[in-house]
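Notes to accompany the following structure.
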């Protein structure tokens, strides 16, 4: 297998742990192990008594049961736990696709959602979201992209990096297209549960279509990226078995401490999600105000869900802007070129507790040093 470098991850490897003001993060504010253990009496002793042995390859039964409770019709045996969402993406595409297949991906996208398929030899078509349409997707464009060998359509809702969320009616139409044309939908749902209005939340794709697959993770909505626990949920038993077999060649099983802590976190999911939305929503208000003040410099379409958004730089080059910002002010944004070479946007993160400080530093730079 030959695969292109992961541009976003190489960018973060260079800057993420060096800069004082991380303003482009895609996850929510994390908590300590101590804070998590305090959420349930007796859990600290249980954690200290945990044996560091191999775990069940498909995930601890109690963890799979707790993950299944996030859905309405998914059973624990339909959950396959992975070491983060990245492993699940990699394994799913390798287990399901071959070089003669065609795949369509919602674009711009997290690079692995397209790059793994390309490395297999699949032809990949971009289903593009455009700023002029407020990042909305066009189902007619998807129909035009379909081919007889289209095996997989990859979506991501709520969307990284734009924060777009498809309306319910269009989402149902997408499911109908899948059933009519025979393609499987792989739905990256890592930002599910961070909708600003609960009524906007879409059903998990695995519950609307028996062949399709939902992807979840502890990193984003729950703010526990360091646990490195993700999962797929599906009624598609044959695909599940292929994935379970493929996992024997990647991680085999997951970290026992991570599974324990993920189980504990999901038992307290409402508390974690309420906390994280309590960080994101005020930060979105601050972002709305900032981009209104600087409307001559930046385009701004507020996200509908999740902890990220994708403003545009109206004048100048976004890579130069982001480089000068981190070099002169220590503020890290993510240039949109890491998603799409032609983009003049940048990703901004709304999920961190120090957002107010970070955006203040951005404003200081814009007022003092920025020259388009």
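Table for the structure above
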item	result
Using a Förster distance of 51 Å, the FRET efficiency for residue 356-residue 100 (Cβ separation, nearest 0.05)	0.50
Fewest-first ranking of 189, 87, 141, using other Cβ atoms within 10 Å as the exposure measure	141, 87, 189
Footprinting exposure proxy for 185, 229 (fewest neighbouring C-beta atoms within 10 Å first)	185, 229
Angstrom value of the Kirkwood radius, inverse mean 1/r, which spans all Cα pairs in the range 118-249	16.0
Spacing of the two label points (7 Å from each Cα toward its C-beta) at residue 210 and residue 299, in nm	4.4
Selected from 112, 342, 98 as most flexible by GNM, with the chain as the system and alpha-carbon contacts under 10 Å	342
Distance (nanometres) between label positions extended 7 Å along Cα→Cβ at residue 3 and residue 140	3.7
19 Å tail of the calculated P(r), the range 226-296, as % of Cα pairs	62
DSSP-defined beta bridges in the chain - what % are antiparallel, rounded to 5	45
Linear extension gain, residue 53 paired with residue 73, 0.36 nm per residue minus alpha-carbon span	4.0 nm
Relative frequency of Cα-Cα separations exceeding 14 Å in the range 266-317, percent	59
Estimated D of the range 1-91 in µm² per second, where Rh is the Kirkwood radius over Cα pairs and Stokes-Einstein applies at 37 °C, 0.692 mPa s	192
Per-residue Cβ neighbour rank within 10 angstrom, fewest leading, 17, 290	17, 290
Calculated diffusion of the range 68-132, Stokes-Einstein form, Kirkwood radius summed over Cα pairs, 37 °C and 0.692 mPa s, µm²/s	242
Residue among 53, 329, 88 with the largest mean-square fluctuation in a Gaussian network model of the chain, springs linking Cα atoms under 10 Å	53
Entry for Rg and Dmax of the Cα atoms in Å (calculated from the structure that is shown) out of (1) 20.4, 59; (2) 48.6, 146; (3) 19.1, 60	(1)
Most fluctuating residue given options 293, 275, 228, as computed from a GNM of the chain linking Cα atoms under 10 Å	293
Difference of contour (0.36 nm per residue) and Cα-Cα distance, residue 327 to residue 237	27.4 nm
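Every number in this text was worked out from the coordinates using simple rules, so none of it is lab data. The structure displayed is predicted, hence computed values, not measured ones. Positions of Cβ are generated from backbone atoms using ideal geometry, with glycine treated the same way; all protein chains shown enter the neighbour counts.
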